[in-house]
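A.B. asks: Got a structure here, written out as structure tokens. Questions coming.
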Protein chains: 2
Amino acid sequence: MSEARGQLLLVPNTLDLGTETVDIQQVLPLGVMQRAAGLAHWVAEDARSTRAFLKRVHSVVPLGMALQSIDIRELPRPAKGGAAARLPSLDVWRGLLAPALSGHDLGLISEAGLPAVADPGAALVAAAHSLSIAVVPLPGASSLLLALAASGLNGQSFAFVGYLPQEASARASRAKELQAQSRRARQTIVLIETPYRNALVLQALISALEDDTRLSVSCGLSLPSGWTRTDSVAAWRAHPSTLPDRIPAVFSFLAE
Amino acid sequence: MSEARGQLLLVPNTLDLGTETVDIQQVLPLGVMQRAAGLAHWVAEDARSTRAFLKRVHSVVPLGMALQSIDIRELPRPAKGGAAARLPSLDVWRGLLAPALSGHDLGLISEAGLPAVADPGAALVAAAHSLSIAVVPLPGASSLLLALAASGLNGQSFAFVGYLPQEASARASRAKELQAQSRRARQTIVLIETPYRNALVLQALISALEDDTRLSVSCGLSLPSGWTRTDSVAAWRAHPSTLPDRIPAVFSFLAE
């Protein structure tokens, strides 16, 4: 049965959110662009930015067909509140996976980095497994792991915890709770935030964490202007860094 | 002061452990090979495999100097038992970072994937930060994150926990403890093993975890023969897969 199925290819995107700050050849393998250029069917967070991605690919590897004739469908928006009852049914995923069910390879792409990590694509991948569609992750960077590598913090044990709560006192208690977990498990904690809240989250971490906790911030990963700073919380307090409000940052910390 | 320093470049390796199963252009960005080809100084887990990596790079981007004249130093082997007191002192790291301290860019490379993640390189990166050497992670794949993406399990919250204990009963209780943690935090647990123990670890997970827990195994990531299977533990028990004993696998699971 599965002989007749196409594959679900997980296609890594650049990390510059389509600003084209970097030449795509600097950041994506040729093999990834060759696979992407041949795909007639895509599932994406956003069709418009996927067309922009395909134009960048086309500048290196000509697309196998006209851009207008490429089928790009969008993932359902996650319901606010995230109640399981409101998750799309298997029928929705089956519809999106229809090209693979009828023998065509299908690409899944995210707005930045690897699809299905810190984005809504994982449910599509789960549905593919349940329908015996082979899932093939193409090699590419994740900003979470580049930040972890650049932090110099423990890379043998780490947890990605998503976002901190938005309300100030809940944010502070969550940061302290994660610090206790980090100390107990000798585990690096990795988290992200929407760029316009970068400064707010840095301030919250600096206030909530203890002097000796080592805190790392990576900003603009893969961009020429990118940087990573790792320092004790005490040193961050004494010499704060200014974070840009339009460039994604990744925060990580390890309590001694 | 830091104007005179070189950068520490974190150079991603392929995931095929130097077997050259794949063309390097299929898996590494051109920009990464261009940066790697220009470096005169490296720190590596293994000098011999780093020379093999540089030969592969040279087949695409000619090296800036003769291979024999490239300076490759090895990271100190981690002490067995891992007591903090036996960690190398800052002097050891300062010695390895000497080229960057005197103004030359220095590459750090691992045996597979990103350096300083699940390997001994993080201490060198930490030392670089403490000596005001800029750390620049070049974009590349980590097998941990490719496996997580391909699993379809929760990519919004996950923990990498390294290896399970070797002793059978300790291994089983650790697996159960991690399953409880996964359920409590809705967190995907990611772990690895040395390839010759792949089958043993799969058997241990299948025995220790509950029927409904979803278990994913990725084998041979980035290789043409690579595959990912995600299924309930009950389905793994009913229809076991055979894991090769020479190809790295990544295991992940999520308890409902």
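Values quoted throughout were computed directly from the atomic coordinates according to the rules given, and no laboratory measurement underlies them. In this text, all values refer to a predicted model and were calculated from it rather than measured experimentally. Counting neighbours? That spans all protein chains shown, and the Cβs are built from the backbone with ideal geometry, glycine included.
A.B. asks: Just to be sure I understand: with springs between alpha-carbon atoms less than 10 Å apart, which residue in A:VAL60, A:VAL125, A:VAL217 has the highest mean-square fluctuation in the Gaussian network model of chain A?
C.D. replies: Ranking A:VAL60, A:VAL125, A:VAL217 by mean-square fluctuation puts A:VAL60 first.
A.B. asks: Please grab the % of Cα pairs in the protein assembly as shown that end up more than 36 Å from each other.
C.D. replies: Value for the protein assembly as shown (Cα pairs over 36 Å): 28 percent.
A.B. asks: Say a label goes 7 Å from Cα toward Cβ at B:ARG77 in every copy; what distances in nm does this one have to the rest, shortest first?
C.D. replies: Between copies, matching label points for B:ARG77 lie 5.8 nm apart.
A.B. asks: Sticking with this structure for a sec: For the rotation that brings chain A onto chain B, whose beta-carbon in chain A is nearest the axis, and what is that distance in whole angstrom?
C.D. replies: So the chain A residue sitting closest to the axis is A:ALA159, 2.
A.B. asks: Of the options B:GLY113, B:LEU131, B:LEU17, report the single residue whose Cα projects farthest towards the positive end of the charge dipole of chain B (beta-carbon charges: Lys, Arg +1; Asp, Glu -1).
C.D. replies: So the residue furthest toward the plus end is B:LEU131.
A.B. asks: Then there's this: Whole-Hz ³J(HN,Hα) for each residue in region A:107-120, computed from phi via Karplus 6.51 cos²θ - 1.76 cosθ + 1.60 with θ = phi - 60°, x for glycine and proline: what do you get?
C.D. replies: x, 10, 9, 10, 5, 7, x, 7, x, 6, 10, 6, 7, x
A.B. asks: Run through every distinct alpha carbon pair of region B:2-137 and return the Kirkwood hydrodynamic radius in angstroms, one decimal place.
C.D. replies: When all Cα pairs of region B:2-137 are included, the Kirkwood radius is 15.2 Å.
A.B. asks: Quick one: Debye curve from the C-alpha atoms of region A:109-256, no solvent, what's log10 I(q)/I(0) at q = 0.10, 0.13, 0.15 Å⁻¹?
C.D. replies: Ignoring solvent entirely, the Cα scatterers give -0.37, -0.60, -0.78.
A.B. asks: Something else about it: Which of A:SER173, A:LEU243, A:GLN68 sits closest to the plus end of the dipole of chain A, meaning its Cα is farthest towards the positive end, when Lys and Arg get +1 and Asp and Glu get -1 on the C-beta?
C.D. replies: Final value for the positive-end residue is A:SER173.
A.B. asks: Find every distance from the label point of A:SER130 to the corresponding label point in the other copies (7 Å from Cα along Cα→Cβ) and write them in nm, one decimal, shortest first.
C.D. replies: For A:SER130, the inter-copy label distances come out at 5.0 nm.
A.B. asks: For chain A, set up a Gaussian network in which alpha carbons nearer than 10 Å are linked by springs, and say which option among A:GLN166, A:GLN203, A:GLN156 fluctuates the most.
C.D. replies: In the Gaussian network model the winner is A:GLN156.
A.B. asks: Which is farthest toward the positive dipole end of the protein assembly as shown among B:LEU146, A:VAL27, A:ALA185, measuring Cα position about the Cα centre, with Cβ charges +1 (Lys, Arg) and -1 (Asp, Glu)?
C.D. replies: It is A:ALA185, whose Cα lies furthest towards the positive end.
A.B. asks: With only Lys, Arg, Asp and Glu charged, each at its Cβ (+1 for the first two, -1 for the last two), find how big the charge dipole of region A:2-137 is about the Cα centre; round to the nearest 20 debye.
C.D. replies: With Lys and Arg at +1 and Asp and Glu at -1, about 240 debye.
A.B. asks: Per 5 Å bin from zero, what fraction in whole % of the C-alpha pairs of chain A is there, up to the bin with the longest pair?
C.D. replies: Histogramming chain A at 5 Å steps yields 1, 6, 12, 15, 16, 14, 13, 10, 7, 4, 2, 0, 0 percent.
A.B. asks: Might you report the magnitude of the Cβ-based charge dipole of region B:143-254 about its Cα centre, with Lys and Arg at +1 and Asp and Glu at -1, to the nearest 20 debye?
C.D. replies: 140 debye
A.B. asks: Here is a further query. At what distance in angstrom do the alpha carbon centres of region B:84-131 and region B:15-40 lie from each other?
C.D. replies: Spelled out, the Cα-based centre of one part sits 21 Å from the other.
A.B. asks: For region A:109-194, which trypsin sites (Lys or Arg not before Pro) pass both filters: DSSP loop (anything but H, G, I, E, B) and at most 14 other C-beta atoms within 10 Å?
C.D. replies: Listed in order of number, the matching sites are A:ARG186.
A.B. asks: Would you calculate the convex hull of the Cα atoms in region B:166-239 and tell me its volume per residue in Å³?
C.D. replies: 96 Å³
A.B. asks: Helix-only estimate, please: 222 nm mean residue ellipticity of chain A, summing -39500 (n - 2.57) across DSSP H runs of length 4 or more and dividing by its residues, to the nearest 500.
C.D. replies: When only DSSP H runs of four or more count, the value is -9500 deg cm²/dmol.
A.B. asks: Separate question: When chain B is treated as a GNM, springs tying every alpha-carbon pair under 10 Å, which of B:SER216, B:SER232, B:SER69 comes out with the largest mean-square fluctuation?
C.D. replies: In this elastic network of chain B, the residue with the biggest mean-square fluctuation among B:SER216, B:SER232, B:SER69 is B:SER69.
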